[in-house]
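Heads up: the structure comes next, in structure tokens.
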Amino acid sequence: MSQGPRNGGEDYFERPTHLVSKLYAGRLRLAAICAVVLLSALLALFHAFPPNRPVEYTSEVEHFYYGSIGSDITSGIPLKLMQVLPKTFPDHLPKGAVARDYTAFGMIQEPGRPMPIGFSVRDQIVDRTWINCAVCHTGSVRESPEAKPRIIAGMSANTVDLMAFFKFLFDCADDPRFTADTLLAAMDEQGELGPVERLIYRIAVPQVREELLKTRRNLAYLFEPDYPPFGPGRVDTFNTFKFNQFAYYYQERDAPVEEIYGTVDFPSIWEQAKRDGLWLHWDGNNNSVRERNFSAAIGAGTAPPDMDVDSLFRLEDWLDELEPPAYPFAIDEQAARRGRPIYEQYCFSCHDFKGEHVGGVVPLEQIGTDRHRKDSYTEVLRQAQRDYTKGYFWQFSHFRVTDGYANHPLDGLWARAPYLHNGSVPSLWDLLTPRDRPEIFTIGNDVYDPQRMGFAHQELKGSREDGYVYPDGRPYTGSAFVLDTRLPGNGNEGHSGPAYGTELSDQEKRDLIEYLKWLSRPQDAS
């Protein structure tokens, strides 16, 4: 028999009997089951009617840097998961990387932003993130290694190594440590997750892993030992379509080996209104700026049903009027005046907005540049694009197969190095002196060389198989990417001969370069 309270109420309540304990435990289990059922119901409701809210920006440049194009719906990875990968898997970051974040891939991280420039964020149960147009089309320039980088919207992303970025994601997914337990612990270090969020991430982690490994299988050819990597500032625009988005279309079609080397330099994308009607892309395979933009969104991982059309139209309006950056360094004005008639004789017809042949396509036999990018775009791919976009008001109808490369205008030319369609010539001086073009050199630096009109680089010798060396024979020990123009798709030949100004005197070439600096200014170079 229990005793009453002692010492003014102490021990007033008895210890529960065994039966009461069982009833109490049963209620706890029932509450836990109800909580799980409720969470499951909420998840099912979210799955059926998920929130779909991109982070929006009033500033046009912010919208370009961070706004959604729809890729974060199709291909998005949960934001908190994405944020912890570099710190969780530092051994998979590029060789020589110091930062344990995405700047290790040359991306630009602004203070206070959840991800670098070129990543949007969208609320879909949890925040998801993926790349947009700016990841390939925002670059930086410094006047010295110690200087603060100047960020330029619309410029080639000269430091960004997308192939290394994707390899990192694939290597992480293939790592046995890529588990919910490991990654949830890493996320907790950034700020403890709530119970619903924790459950969602526990489900999401294996799904993300599965999707990354599937994409890696589709793009396995890129990581074969003999395949030339892209390196910073470059990408294969169309082959990734063939083997990833259009993998179903190519199941019965083995792409010939001559098609698979399509690496090109990221182009600049300012003054787009002036380009509508010109033949676009490096091979001039489309003359619609809008269709080119939608194609780029697909390349960034957006499926047609997820295309954020309003966002793309907003970007189109802004890019139509975006001015190229003025040349920021000193110009020898007397030399520039001497260079003007040289420009008018050798460059104007093909490369001035008022030129007779601007936006046209020069046959490969005439231009003589590396043929691989041209060969990578085929009639089979053109038809696959049409079929993939069929039924949408923006269905592709302007693509074509060409026999050469397009003449592009030279606005903002100073910020578009390295040159030729594949970025195989480091400076304008090298372009004008074809016999001395570097065979092997480093890329990915944003320190500018005003004399040669290009970015600083290190010329090397050697080979991929035996190792690269400095010109004096010492082994190359740097971490910068090495571009070897002897590898497929990297050729630096062409755009040479009397018609291209490569037989001018050295002084005439210098005068032409000074005028091209002047021409890069938004105002008329009179």
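None of the figures in this text is laboratory data; all of them are computed from the coordinates on show. Quantities reported herein were computed from a predicted structural model and do not represent experimental measurements. Methodologically, a virtual Cβ is constructed for each residue, glycine included, from the backbone with ideal geometry; neighbour enumeration extends over all protein chains shown.
Determine, for LYS461, LYS390, the number of other Cβ atoms within 10 Å of each Cβ, and report the residues in order from fewest to most.
Details: LYS461 13, LYS390 10.
Going from sparsest to densest Cβ surroundings: LYS390, LYS461.
Between 0 and 90 degrees, rounded to the nearest ten: what's the tilt of helix 195-218 against the longest Cα principal axis of the chain?
Tilt relative to the chain: about 40 degrees.
Which lysines, on any chain, are close to LYS214 with Cα under 17 Å apart, when same-chain ones fewer than 8 places away are left out?
LYS167, LYS242
Magnitude of the Cβ-charge dipole of the chain, K/R +1 and D/E -1, about the Cα centre, nearest 20 debye? Each step should come with its number before you reach the end.
Details: 55 positive and 74 negative charges, 284 e Å.
With only Lys, Arg, Asp and Glu charged at Cβ, the dipole is about 1360 debye.
Treat the count of other C-beta atoms within 10 Å as a stand-in for reagent exposure and order LYS274, LYS374, LYS95, LYS509 from fewest to most.
Values: LYS274 16, LYS374 23, LYS95 7, LYS509 20.
Least crowded to most crowded, the residues run LYS95, LYS274, LYS509, LYS374.
Can you run phi through the Karplus equation (6.51, -1.76, 1.60; θ = phi - 60°) for the range 434-440 and list ³J(HN,Hα) in whole Hz, with x for Gly and Pro?
Taking θ as phi minus 60°, the curve returns x, 5, 10, 4, x, 7, 9 Hz for the range 434-440.
Relative to the first principal axis of the alpha-carbon coordinates of the chain, what is the inclination of helix 162-173, with its axis defined by its Cα atoms, in degrees from 0 to 90 and to the nearest 10?
20 degrees
Do the alpha carbons of any pairs in LYS374/LYS517; LYS274/LYS461; LYS87/LYS148 sit beyond 32 Å of each other, and which pairs?
LYS274/LYS461
Specify the angular offset, from 0 to 90 degrees and rounded to the nearest 10, of the alpha carbon long axis of helix 180-190 from the longest principal axis of the alpha carbons in the chain.
Compared with the principal axis, the helix lies near 80 degrees.
Got a sec to turn the phi values of the range 470-487 into Karplus ³J(HN,Hα) couplings, 6.51 cos²θ - 1.76 cosθ + 1.60 with θ = phi - 60°, whole Hz, x for Gly and Pro?
For the range 470-487, the Karplus-derived couplings read 5, x, 8, x, 5, x, 6, 10, x, 9, 5, 5, 9, 9, 9, 6, 8, 8 Hz, x marking Gly and Pro.
With θ taken as phi - 60° and the coefficients 6.51, -1.76 and 1.60, list the Karplus ³J(HN,Hα) couplings across the range 356-372 in order, rounded to whole Hz; mark glycine and proline as x.
Each residue of the range 356-372 in turn: 4, 10, 5, x, x, 10, 9, x, 4, 4, 8, 6, x, 8, 3, 8, 5 Hz.
What order do you get for 462-468, 184-190 when each peptide is scored by the mean count of other beta carbon atoms within 10 Å, highest first?
Values: 462-468: 12.0, 184-190: 14.7.
Highest-to-lowest ranking by the protection proxy: 184-190, 462-468.
Quick one: which residues, 5 or more positions from PHE455 or on another chain, have an amide H under 5 Å from its amide H? H modelled 1.01 Å from N in the peptide plane, none for Pro or chain starts.
Close amide H contacts, sequence-distant or interchain: ASP449.
Say each of SER349 and ARG435 gets a label point 7 Å from the Cα, pointing the same way as Cα to Cβ; how far apart are those two points in nm?
Here the modelled spin labels are 2.5 nm apart.
Return the label of the correct value of Rg/Rh (Cα atoms, Kirkwood Rh), as calculated from the structure shown, out of [x] 1.20; [y] 0.96; [z] 1.09.
Working out Rg/Rh (Cα atoms, Kirkwood Rh) from the coordinates points to [z].
Scan around VAL264 for amide H atoms under 5 Å from its own, H built in the peptide plane at 1.01 Å from N, and keep only partners 5 or more places away or cross-chain.
Amide H neighbours of VAL264: VAL235, ASP236, THR237.
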